[in-house]
Amino acid sequence: MATSLRTAAPLSILAAVAILAAGCGSSSHSSAGIRIFDPAGRIHQEVRSGDVASAAVVRGSGRTRSVTLVFTKPGVRRFDELTRLVAERGVREHRNQHFAVAVGGHVYARPYLDYRLFPDGLSGDGGLELANLPSSIAEEIVRETRKGHKGGEHRSSTGVPSTAVYSGQALRTCVDRWNQGNMIGWGPGPANVAFRRPNAKERSTMERPLRRECIVATPAGGGTWTCVLSDTGAYWCPPLHEPTGPPLRALGKNAMLDKRGVLVLHVPLKDTRPTPPLAWHRYPRVDGYVHPWTSSGNLRAGLRVKGEHRGRCFLVDETARSAVSCLAGNARYDSCFPQRRPWQRGDLAVCSFGPGSTTFTRWRITQGSDPPVFVPWSRVGNISLGGYKVEVEADYGPEPSAGYRLHGGRVYVTFDRGRVDSIRFSTPFYRTKGGFGVGSRIPPGRRWHGFVWNAWVREKPCSCWVKVGGGPRSLPATVHNFLKPWFFIDVHRGRVSGFYFALKFVD
């Protein structure tokens, strides 16, 4: 029967550390009571029965039982020190390390500490809990632990396989790693964060293994999107298509994301420590991806470039936020960062190996990012009314206070709640398929393609063509229709001098 070993967490919020199944009945030192130690013998700090203030059997589900161990103050210090040293060894050697739990001279568990999740070890403040045990084994463990106080000796031949360590610190680490990744694209809204096994829907849609990991779930349609903590200490989130998990109500809401994507638990965890930053956290990052270029267009020191490709770059749903996707043959890279924006044919980009990675592939771009396209009355270049701000900034960079200086003119973009709210431009670079744009003539008259001449009048006529609403003919250009889309064509000396499109009119 599977069992689990866990440290009791405040407020009964528990999360599992990945484990290695223990061998059944493997022999340790022949001594009574409990012993928590380094099986490699390189760390001399141990926790013994004298460090256990109490041991008790607690009824579990069905016929199973749990054993709760509460440490004395010296026991807490020894447990913290032991697991800290084990974790630090993992950091040095870049691999997970084990510690062992023996009762009555026999090892019941060899759990490993994931040094990426717990670089400072575990906290013993909440004690330990051996869960999901047969009744006879639970009682034997308590009996042997208590014998250790009296110096008694007993040998057991029964092992408990498949244990797991639980700690409130695990949940704290899941939250901290999310916030350290600067996940600005994921708020605001409710969320569920846990250190758990993926459920059936998550395993089928994301092909996740059946092991515990940090998972953050956010609402998506009739289900949730599932972000999981990768080996680099950054969260990987799926492409934003169909939901990857069950509805949030099935998981439970235990956290909120603010408008900057900061994750905050409903119930703060007590007696936990902040998770130390990782080496790649020294770089600017968005949604877990390192931003590789300095403001002067140089690759940041310490980043590695491996391999080279060439092809066109563009935006699709799978594109990492603030990055672009680049295509070479049938291979597509969805987290690429151009050296400048907008980019031209022949410009350089680098494509990340993944969230949290400091290794990139060099990419030579074969097509510019700002096509000379004008789609009446909704799109200019790669900027569309109602499009996302992050998409505009991916192509053009953050907008200067005086607008984008492009092709001998200016392009001004305003945003509302992260979406493009209006576009104004005066450059003749952008043309329709028929060649219409800045500098073109419109035949004299009062109406043209649904527009009305001088329909908007304040102190004097605007010397412009106006169309209100998305229909084939303009609605009345009055304050009653200010919340409708408005489109302006400015005219100077008989020629078009500029365009202004807005989802709602602000005079």
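The values are calculated or read from the model by the stated rules, or taken from the named source; none is laboratory data. Because the structure is a prediction, the values reported are computed rather than measured. Neighbour counts run over all protein chains shown; Cβ positions are idealised from the backbone, glycine included. Accessible surface areas use protein heavy atoms only, side chains included; no ligands, DNA or RNA. Shrake-Rupley method; radii C 1.70, N 1.55, O 1.52, S 1.80 Å.
Condition check ((1) in contact (Cβ under 8 Å) with a residue 12 or more places away in the chain; (2) open to solvent by 50 Å² or more (accessible area, probe 1.4 Å); (3) of a type in the set (A, V, I, L, M, F, W, C); (4) within 20 Å of Gly311 (Cβ to Cβ)) across all residues:
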position: Phe360; (1), (2), (3), (4): yes, no, yes, yes
position: Pro371; (1), (2), (3), (4): no, no, no, yes
position: Leu385; (1), (2), (3), (4): yes, no, yes, no
position: Ala394; (1), (2), (3), (4): yes, no, yes, yes
position: Phe415; (1), (2), (3), (4): yes, yes, yes, no
position: Ile423; (1), (2), (3), (4): yes, no, yes, no
Would you check if there is a residue in segment 139-148 being at pLDDT 80 or above, in a helix (DSSP H, G or I) and closer than 28 Å to Ser322 by Cα? no
Working only within segment 460-495, note down all residues that are exposed (fewer than 14 other Cβ atoms within 10 Å of the Cβ) and either among the hydroxyl-bearing types (Ser, Thr, Tyr) or at positive phi (or both). Ser463, Thr478, Arg493, Gly494
Can you list residue pairs whose Cβ atoms sit under 8 Å apart, with the first residue in segment 464-479 being farther than 15 Å from Tyr500 by Cβ and the second being of a type in the set (Val, Ile, Thr) and buried (at least 16 other Cβ atoms within 10 Å of the Cβ)? Count only pairs 6 or more apart in sequence or on different chains. Leu475/Val468; Pro476/Val468
When only residues in segment 275-332 that are in a loop (DSSP other than H, G, I, E, B) and basic (Lys, Arg) count, which is farthest from Asp176 (Cα to Cα)? Arg300
Which strands (runs of 3 or more DSSP E) sit wholly inside segment 1-109 and have at least 2 residues that are on the phi < 0 side of the Ramachandran plot and modelled with pLDDT of 85 or more? 34-37
Is it the case that Glu399 is touching a residue at least 24 places away in the same chain (Cβ under 8 Å) and open to solvent by 40 Å² or more (accessible area, probe 1.4 Å)? no
Do we find that Arg310 is in contact with a helix residue (DSSP H, G or I) (Cβ under 9 Å, 6 or more places away or on another chain), modelled with pLDDT under 95 and open to solvent by 60 Å² or more (accessible area, probe 1.4 Å) in this structure? no
Given (1) within 18 Å of the chain's Cα centre (by Cα); (2) buried (at least 20 other Cβ atoms within 10 Å of the Cβ), identify the lone condition not met by Glu242. (2)
Here are Arg345, Arg364, Arg300, Arg332: which of them is open to solvent by 20 Å² or more (accessible area, probe 1.4 Å), touching a residue at least 24 places away in the same chain (Cβ under 8 Å) and over 30 Å from Arg473 (Cα atoms)? Arg364
Within the set of pairs 6 or more residues apart or between chains, which connect a residue that is in contact (Cβ under 8 Å) with a residue 24 or more places away in the chain inside segment 436-456 to a residue that is of a type in the set (Ser, Thr, Tyr) and not in a loop (DSSP other than H, G, I, E, B) with Cβ atoms less than 7 Å apart? Val438/Ser497
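Residue by residue, here is whether (1) of a type outside the set (Ser, Thr, Tyr); (2) in contact with a strand residue (DSSP E or B) (Cβ under 9 Å, 6 or more places away or on another chain); (3) over 24 Å from Trp280 (Cβ atoms) holds:
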position: Met183; (1), (2), (3): yes, yes, no
position: Pro190; (1), (2), (3): yes, yes, yes
position: Arg196; (1), (2), (3): yes, yes, yes
position: Cys214; (1), (2), (3): yes, yes, no
position: Pro219; (1), (2), (3): yes, yes, yes
position: Thr224; (1), (2), (3): no, yes, yes
position: Leu248; (1), (2), (3): yes, yes, yes
position: His266; (1), (2), (3): yes, yes, yes
position: Leu269; (1), (2), (3): yes, no, yes
Got at least one residue in segment 447-459 being out of contact with any Ser or Thr (no Cβ under 6 Å at 6 or more places or on another chain), under 19 Å from Phe425 (Cβ atoms), open to solvent by less than 70 Å² (accessible area, probe 1.4 Å) and part of a strand (DSSP E or B)? yes
Residues of segment 259-274 that turn out to be at pLDDT 95 or above and outside any strand (DSSP E or B), as a count: 1
Name every residue in segment 180-204 that is open to solvent by 10 Å² or more (accessible area, probe 1.4 Å) and either farther than 20 Å from Gly252 by Cα or acidic (Asp, Glu) (or both), in order of residue number. Gln180, Asn182, Ile184, Gly185, Ser204
How many residues of segment 411-430 are farther than 17 Å from Val506 by Cα, β-branched (Val, Ile, Thr) and either out of contact with any strand residue (DSSP E or B) (no Cβ under 6 Å at 6 or more places or on another chain) or in a strand (DSSP E or B) (or both)? The answer is 1
